[in-house]
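To keep things clear, I will list the structure first and then write my remarks on it.
The values are calculated or read from the model by the stated rules, or taken from the named source; none is laboratory data. Remember, predicted model here, so these are calculated numbers, not experimental data. Because the Cβ atoms are built from the backbone with ideal geometry, glycine has one as well, and the counts that use them run over all protein chains shown.
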Amino acid sequence: MKTITKSEDCFSCQNCCKFYLKEEYFAPIFTDKELLSIPLNMRKKAVFTSHKKSNKVFQVKLTSSKKENGILICPFYNEDKQHCKIYPVRPLDCQLWPIILTKSKYKNIVNITIAESTYCPSIDKSITGKMNYYSYIIKYLNSAIFVNKLKKYPEIIWGYESFTEKIGEIDL
């Protein structure tokens, strides 16, 4: 899957792996299959809880940053090297960022939203690139394979978030 962010932007920012205390509820979520793809020795070092009372979707417990007071970090984020220790097997939740799937007021519709640039500065780089990416991601997220994944794991859909802008939707 393509991403809207460039690696150099991500490595210089890393905000997606860091959370203010009030944003703890936004810790990454993992499906059962994604969780099992993490090497066992790394998985054992993290704490996971059921997400939305699911037995198929789990949320990782954030840890305190050693470098920034009042900041929580993903336990898979290496603060010294500034990278994700599980990047090749990171969950869809992280792969999609700054795209967030949110609930719609309509029962079978999922909103495809994007976070404000204050959360991900890389999204404001190029309006042409942004529009091309929006078209790509909307098509990708509406593919039969992805829609089936959402039906299997509806808990990966977040509630409404005021800091996002709707760019498309998925019809389940």
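Can you name every residue in segment 72-118 that is of a type in the set (D, E, K, R), in a loop (DSSP other than H, G, I, E, B) and more than 29 Å from ASN41 (Cα to Cα)?
Taking segment 72-118 first, the residues of a type in the set (D, E, K, R) are 79-81, 85, 90, 93, 103, 105, 107, 116.
In the following step, the residues that additionally are in a loop (DSSP other than H, G, I, E, B) were identified as 79-81, 85, 90, 105, 107, 116.
Listed by number, the residues that qualify are LYS105, LYS107, GLU116.
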Within segment 107-127, can one find any residue that is at pLDDT 95 or above, farther than 26 Å from LYS53 by Cβ and of a type outside the set (A, V, I, L, M, F, W, C)? no
Residue, surrounded by the fewest Cβ atoms within 10 Å (Cβ to Cβ), within segment 125-172, restricted to residues that are basic (Lys, Arg) and not in a helix (DSSP H, G or I): LYS166
Which numbered condition trips up GLU68, out of (1) out of contact with any Leu (no Cβ under 8 Å at 6 or more places or on another chain); (2) within 22 Å of THR3 (Cα to Cα); (3) touching a residue at least 40 places away in the same chain (Cβ under 8 Å)? (2)
What strands (runs of 3 or more DSSP E) completely inside segment 1-71 contain at least 3 residues that are of a type in the set (S, T, N, Q), more than 30 Å from ILE145 (Cβ to Cβ) and modelled with pLDDT of 95 or more? none
Kindly indicate whether any position in segment 42-56 is in contact with a helix residue (DSSP H, G or I) (Cβ under 8 Å, 6 or more places away or on another chain) and more than 18 Å from TRP158 (Cα to Cα). yes
Of PHE48, PHE30, which residue is of a type outside the set (Gly, Ala, Ser) and touching a residue at least 24 places away in the same chain (Cβ under 8 Å)? PHE30
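Which members of segment 74-85 meet the condition of being at pLDDT 95 or above and under 14 Å from the mean Cα position of the chain (by Cα)?
CYS74, PHE76
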